[in-house]
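In what follows, a single structure is set out as structure tokens and then discussed.
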Amino acid sequence: MSGTAPLPPETVLVLDRDDWLSVHASFAHATSDLEAMDVADGEYTAYAPDGRVLALTVPDDWENTATITLIRTEESDAPGLERRVARYWRRHQPGRPPLGAQETARSMLAHESRSAEGWLSRLLKRR
């Protein structure tokens, strides 16, 4: 996943209040990675790579279910996403040249894929 390869259709960029960024290849990965308590507290904002805002919700009785729902909305905030991704680079990756939202998502997913492949190949070598 490099260059301008298309991103998975359900790619999710999640930013917290401090503009820490996580990128997930699917809605299922995103919702399983997040904490229901933090979603209930409004800690996260989720976006599609094109800037569409994604709604993160938990049910009123989330303490008992901890089910997180992620859905597409009609709202778009591409400029806001780009500003927050730029802040992520300034705050959490100082000295590195910043990338736009889509390039950042591609880079982070590619890194995750390489890490997973490395782990799997090390495991298979042991056999």
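The values are calculated or read from the model by the stated rules, or taken from the named source; none is laboratory data. Because the structure is a prediction, the values reported are computed rather than measured. Positions of Cβ are backbone-derived with ideal geometry, glycine not excepted, and every protein chain shown enters the neighbour counts. The protein model used for the area step is the full one, side chains on, heavy atoms only, and it has no ligands, DNA or RNA in it. Shrake-Rupley method; radii C 1.70, N 1.55, O 1.52, S 1.80 Å.
Before we move on, is Asp18 more than 22 Å from Ser107 (Cβ to Cβ) and out of contact with any Asp or Glu (no Cβ under 7 Å at 6 or more places or on another chain)? No.
Which of the helices (runs of 4 or more DSSP H) found entirely inside the range 30-127 contain at least 2 residues meeting this: loosely packed, with under 14 Cβ neighbours inside 10 Å, of a type in the set (Asp, Glu) and at pLDDT 95 or above?
On the way: elements: 36-40, 62-65, 78-92, 101-125.
Correct list: empty, since no element meets the threshold.
Any residue in the range 59-69 that is out of contact with any Lys or Arg (no Cβ under 9 Å at 6 or more places or on another chain), among the hydrophobic types (A, V, I, L, M, F, W, C) and within 23 Å of Glu103 (Cβ to Cβ)? The answer is no; no qualifying residue exists. Report whether or not Asp61 is of a type outside the set (A, V, I, L, M, F, W, C) and free of Cβ contacts under 8 Å to residues at least 12 places away in the same chain. Criteria met by Asp61. Residues in the range 5-15: is at least one charged (D, E, K, R) and under 16 Å from the mean Cα position of the chain (by Cα)? Within the range 5-15, one or more residues are charged (D, E, K, R) and under 16 Å from the mean Cα position of the chain (by Cα).
Can you give me the number of residues within the range 76-99 that are without any contact (Cβ under 8 Å) to a residue 40 or more places away in the chain and under 18 Å from the mean Cα position of the chain (by Cα)?
13
Inside the range 5-15, residues that are without any contact (Cβ under 8 Å) to a residue 60 or more places away in the chain and open to solvent by 30 Å² or more (accessible area, probe 1.4 Å) make up a count of 3.
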